[in-house]
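Engineer: Structure provided below as structure tokens; questions to follow.
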Amino acid sequence: MAAPADGRSLFLGLIGAPYESDLFTTAVRMAEEAVRQGHQTTLWTCGYSTALTVTGLAPTKPRNLTEWDRDYPSSAALATHLIDWSAGRLAWLVCRYCAEERGASAQIPAVRIRPPYEFVERSRAADVSLVLGTK
């Protein structure tokens, strides 16, 4: 995979349980800014991160008791919006092995399920590669 002519390529790997820290928001902010700067970006999810974009999620999160009248988008709605907004500069990929193991194979239409070996291929092919969620 060659870098696009007008920008660099960024690979973000999101591994593990994104709800136990700020991993998801960090990855989304980095992906959004990379796209904004004209870079081709790949966001790859593994482990429990594959559940962020399952079709069973509602468009909004459950209501917040302290802000009852305010709606917040679900992770799947946020991913859909970001992919649509990116105009083809963001690929959101899900590890097939991790998704199947966790019953998360039903992904939203904009997300592609890929075989695990592509993680290494895509990571090595990118100009910059960052994996979040590992120690």
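Engineer: In region 16-26, what residues are over 16 Å from Ala79 (Cα atoms) and either surrounded by 13 or more Cβ atoms within 10 Å (Cβ to Cβ) or at pLDDT 95 or above (or both)?
Structural biologist: Gly16, Ala17
Engineer: Could I ask something else about it? Just the residues that are among the small types (Gly, Ala, Ser) and either crowded, with 23+ Cβ neighbours inside 10 Å or at negative phi (or both), please, taken from region 27-57.
Structural biologist: Scanning region 27-57 gives Ala27, Ala31, Ala34, Ser49, Ala51, Gly56.
Engineer: Quick check on my filter: what residues within region 61-79 are among the hydroxyl-bearing types (Ser, Thr, Tyr) and in contact with a Ser or Thr (Cβ under 8 Å, 6 or more places away or on another chain)?
Structural biologist: Within region 61-79, Tyr72, Ser74, Ser75 meet the criteria.
Engineer: Further, regarding this structure: Could you tell me whether region 63-75 includes any residue that is under 16 Å from Pro109 (Cβ atoms) and at pLDDT 85 or above?
Structural biologist: Yes, region 63-75 has at least one match.
Engineer: Taking the criterion of being of a type in the set (D, E, K, R) and under 15 Å from the mean Cα position of the chain (by Cα), would at least one residue in region 35-47 satisfy it?
Structural biologist: No: zero hits.
The values are calculated or read from the model by the stated rules, or taken from the named source; none is laboratory data. This structure is a prediction, so every number in the text was calculated from the model and none was measured. Positions of Cβ are backbone-derived with ideal geometry, glycine not excepted, and every protein chain shown enters the neighbour counts.
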